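Asker: Structure provided below as structure tokens; questions to follow.
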Amino acid sequence: MGIFDPKQLSTQDHLDIEDIRDDLVVLKNGQVSLVIETSSLNFDLLDTKEQDARIYSFAQFLNSIRFPIQIVIRTQRTDIAKYQKLLDNYKSKINSEPLYNQVSIYQEFIDNLTESTQILDKRFYTVIPSMKLPVVNTSWIKQIFSGKKQIVNINQIVSKAKEELYPKRDHIINQYSNLGVQAKQLTNDELIKLYYSVYEPDRSGLEVLDLKEEDIKEDLIGI
């Protein structure tokens, strides 16, 4: 069995990602990416004038960009088991029979809906890559003993990338705000969860609705 036996390599050895640090994704080629998540906009509900205004604003947004970006739409099936359990807990605290019946009807509606229709969760991301920065890897001697090739100047790469990416990030977020779209930079934990769900979809399972009891009350108001 050789030192670089494929069976000993982890999944990370096959990915382009070197590290996730300071809310940035560092790639093995020295490029650093910043990921922004945006809210959605129901375009079909707008009247014709509003649609035209949004299209014009989006055209201005695209024309204002002088650097490469990537717009990603990610769709996942949603597991509502947690939501149903939350409804059960909420129903156990209800003293009013009419409200109890209302929650039961709502649960039945959710069950019937999910039997015939897949509930999909869509997320929207804008990725801003940096220029490729010079990479210094571990020496071949250390690679023999550790079995890994790593970037040793990663702190310098991240520091230089911030100088390039932060002004671009602020510009993108401001432009999205002009469109009426909320935007925020993903944190380390959010990036890890995102990439884990991309590279390990079977192990990460279905996206779980993260709701609170207050959300249930708001949903019931609309019934």
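Asker: Say we look at the stretch 58-76 and pick out the residues that are in contact with a strand residue (DSSP E or B) (Cβ under 9 Å, 6 or more places away or on another chain) and exposed (fewer than 12 other Cβ atoms within 10 Å of the Cβ); which of these is modelled with the lowest pLDDT? Break it down stepwise before answering.
Answerer: So the first thing to find is which residues in the stretch 58-76 are in contact with a strand residue (DSSP E or B) (Cβ under 9 Å, 6 or more places away or on another chain), and the list is 67-76.
Subsequent filtering for residues that are exposed (fewer than 12 other Cβ atoms within 10 Å of the Cβ) retains 68, 70-71, 73, 75.
Numbers: Pro68: 95, Gln70: 95, Ile71: 94, Ile73: 92, Thr75: 82.
Looking at residues that are in contact with a strand residue (DSSP E or B) (Cβ under 9 Å, 6 or more places away or on another chain) and exposed (fewer than 12 other Cβ atoms within 10 Å of the Cβ), I get Thr75.
Asker: Which residues, taken from the stretch 43-57, are in contact (Cβ under 8 Å) with a residue 12 or more places away in the chain and either loosely packed, with under 12 Cβ neighbours inside 10 Å or small (Gly, Ala, Ser) (or both)?
Answerer: Ser57
Asker: Under 6 Å between Cβ atoms, at least 6 apart or on separate chains: pull out the pairs that start in the stretch 24-36 with a residue that is in a strand (DSSP E or B) and end on any residue that is of a type in the set (Gly, Ala, Ser).
Answerer: Cβ pairs passing all conditions: Val25/Ser33; Val32/Ser130; Val32/Ala161; Ile36/Ala183.
Asker: Starting from the stretch 110-121, take each residue that is farther than 15 Å from Thr75 by Cα and among the aliphatic types (A, V, I, L, M) and list its partners that are surrounded by 11 or more Cβ atoms within 10 Å (Cβ to Cβ) and modelled with pLDDT of 70 or more, counting only C-beta distances under 7 angstrom and pairs at least six apart or across chains.
Answerer: Cβ pairs passing all conditions: Ile110/Ile80; Ile110/Gln84.
Asker: Regarding Val103, is this residue of a type in the set (A, V, I, L, M, F, W, C), outside any strand (DSSP E or B) and modelled with pLDDT of 80 or more?
Answerer: yes
Asker: Right, here's the next one. Across the stretch 180-196, which residue is nearest to the chain's Cα centre (by Cα) among those that are crowded, with 16+ Cβ neighbours inside 10 Å and over 18 Å from Val26 (Cα atoms)?
Answerer: Ala183
Asker: If you check Leu165, Leu191, Leu133, Leu186, which single one turns out to be under 18 Å from Phe67 (Cβ atoms), modelled with pLDDT of 90 or more and not small (Gly, Ala, Ser)?
Answerer: Answer to the check: Leu165.
Asker: Does Tyr83 meet the test of being among the hydroxyl-bearing types (Ser, Thr, Tyr), surrounded by 15 or more Cβ atoms within 10 Å (Cβ to Cβ), over 30 Å from Gln156 (Cβ atoms) and modelled with pLDDT under 85?
Answerer: yes
Asker: Also, I was wondering about something else. Is there any pair linking a residue in the stretch 179-196 that is at positive phi to one that is in a helix (DSSP H, G or I) and not β-branched (Val, Ile, Thr), with Cβ under 8 Å and at least six apart or on different chains, and which?
Answerer: Gly180/Arg54
Asker: Now for a different question. Run down Ser57, Ser96 and say which single residue is of a type outside the set (Asp, Glu) and under 24 Å from Leu41 (Cα atoms).
Answerer: Of Ser57, Ser96, the one residue that is of a type outside the set (Asp, Glu) and under 24 Å from Leu41 (Cα atoms) is Ser57.
The values are calculated or read from the model by the stated rules, or taken from the named source; none is laboratory data. From a predicted model like this one, the values you see are computed outputs, not experimental measurements. Neighbour counts are summed over all protein chains in view; Cβ atoms, including those assigned to glycine, are modelled from backbone coordinates with ideal geometry.
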